[in-house]
1. In the stretch 248-382, how does Rg compare with the Kirkwood Rh, expressed as the Rg/Rh ratio over alpha carbon atoms?
2. For the stretch 99-153, what class follows from the C-alpha gyration tensor (a ≥ b ≥ c being the square roots of its eigenvalues): rounded when a/c is under 1.5, otherwise prolate if a/b is larger than b/c, else oblate?
3. Write down, largest first, the equivalent ellipsoid semi-axes of the stretch 165-285 in whole Å, where each equals the square root of 5 times an eigenvalue of the alpha-carbon gyration tensor.
4. Ignoring any ligand, DNA or RNA, what whole percent of the accessible area of the chain comes from carbon and sulfur when the probe is 1.4 angstrom?
5. How much accessible surface does THR306 have with a 1.4 Å probe, in Å² rounded to 10?
6. With a 1.4 Å probe and all protein chains kept in place, how much accessible area does ASP2 have, in Å² rounded to the nearest 10?
7. Could you sort PHE211, PHE81 by their accessible area in this structure, using a 1.4 Å probe and putting the largest first?
8. May I ask which of LYS49/LYS131; LYS49/LYS288; LYS288/LYS371; LYS19/LYS371 have a Cα-Cα span longer than 26 Å here?
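The values are calculated or read from the model by the stated rules, or taken from the named source; none is laboratory data. Treat the numbers as computed from the prediction; the structure is a model and nothing was measured. Every residue, glycine as well, gets a Cβ built from its backbone with ideal geometry; the counts of neighbours run over all protein chains shown. Surface accessibility is based on the protein's heavy atoms, side chains included, excluding ligands, DNA and RNA. Shrake-Rupley method; radii C 1.70, N 1.55, O 1.52, S 1.80 Å.
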Amino acid sequence: MDVTALRWSWSQVTAAGPKAAKHFYATLFVIAPETRTMFPTNMQYQEDKLLAALGHMITNMDNNDTLAAFAHHLGADHRRFYGVDVEGRPVPLAERHYIWVGQALLATLADFVGPQWTPSLRADWAAAYEKVAKLMLAGAAASERLTPPFWQAEVISVERRRSDVCVLTVRPNYLCNYLPGQSLPTHVPALRTWRYLSPANAPRPNGTLEFHVRAAGRFSTYLVRRVTVGEILLLGHPAGRALSTYNRAPHRPLLLIAGGTGVAPLRAITEELQQGNGRTTTLVVGGKTPDDLYDHQALLTLAASTPTKSTAASAFEPWLRYVPTVEIGWGWDGELGRAADTALRIGSWKDADILVCGSPTMTRATIAALKAAGIDPERLLVERFDHSVYPALALADTATPD
Ligand code: HEM
């Protein structure tokens, strides 16, 4: 298989941008109309993800371990996507679905590569796709013995903390194993849409999960404004590694910086630490105004309930320090300033591991401020909340084949 030729031809497809993805789906839905109902009405997000995933696999086609791990996980995760047969009964993904997707992919490549789409390039693509599809199917088969295709989760409480923020508690039908800091694809059947949500709690013996949602788009607005107790959501396989690797060097202090609902995974991590040795941790939660600190009470309670541990400075120091900070606060007697600035003011953090979670804007600004203050980027862990954001396709070698 000529991987350089694969990468080059792929660069022709990505150069066409969203047009290529539109072409791919239009072809798929003509080849296999029954797949249309599996996808959301608005395909904008899916288009980007499929291209990103395929690009990632092409980039790693000659890196067997990375490719296998990625494709296995994606295949296992694809067990949550069901089609329906002519009588409307659910049909799980099977080999024929992969064949249809492969056909649509080759047809798209043929169109966008043009005259340089040779029989040997076609054969290489067919082989590469077959390799990926087999790995995905193997990942699905392996996970069948271990987990359900998805979890059904009943909404057991809805707490609207602000007009645009709610805290949902759900109870899955089977215990759902995830690591604090990971996120779960969550489906609202009424919307036919999946989005990632990160639990705000460490795994509990009763299996319940708490999600924090801020109304930003159609999916989150539905959860904030309309979801009701008793409604059933679906949960897919937990994803994300960055934040969940926070305990790689437990001897170091930990600095957690959160903005908005980014506080959720960091609270889950803090709860997990509370159940362990109590690693020295500072949790800085920032908002524009005190009203943004929608989880303040819960975090105060968590900090107050942390057992003390002896340190060089004191025999009874709590291992968790919770530092809320706001940019504007009439009558606010806590810290003032952006989360990153407050964090840098209250400590040096040269020896700390630092986890950042918030909106893309907040995350970018925080990382820039930390780097400008001399923090080693190796010590920064950031979750993108979306395991379809892979290393840029630009990493691939896009040289023209001979
Ligand atoms: C090499 C093969 C494939 C790749 C690389 C791939 C990749 C992806 C990726 C990255 C996502 C986004 C997942 C997420 O949001 O976490 C996705 C979603 C999805 N895939 Fe695939 N997929 C493949 C094959 C298939 C097949 C064979 C089917 C069935 C015909 C399928 C149906 C779906 C559906 C229904 C979604 C969800 C769409 C949505 O709700 O946004 N995929 N796929």
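1. Rg/Rh: 0.94.
2. prolate
3. 27, 15, 12
4. 55 percent
5. 10 Å²
6. Counting only protein heavy atoms, ASP2 exposes about 70 Å² to solvent.
7. PHE81, PHE211
8. Values: LYS49/LYS131 19 Å; LYS49/LYS288 32 Å; LYS288/LYS371 22 Å; LYS19/LYS371 37 Å.
Pairs exceeding 26 Å: LYS49/LYS288; LYS19/LYS371.
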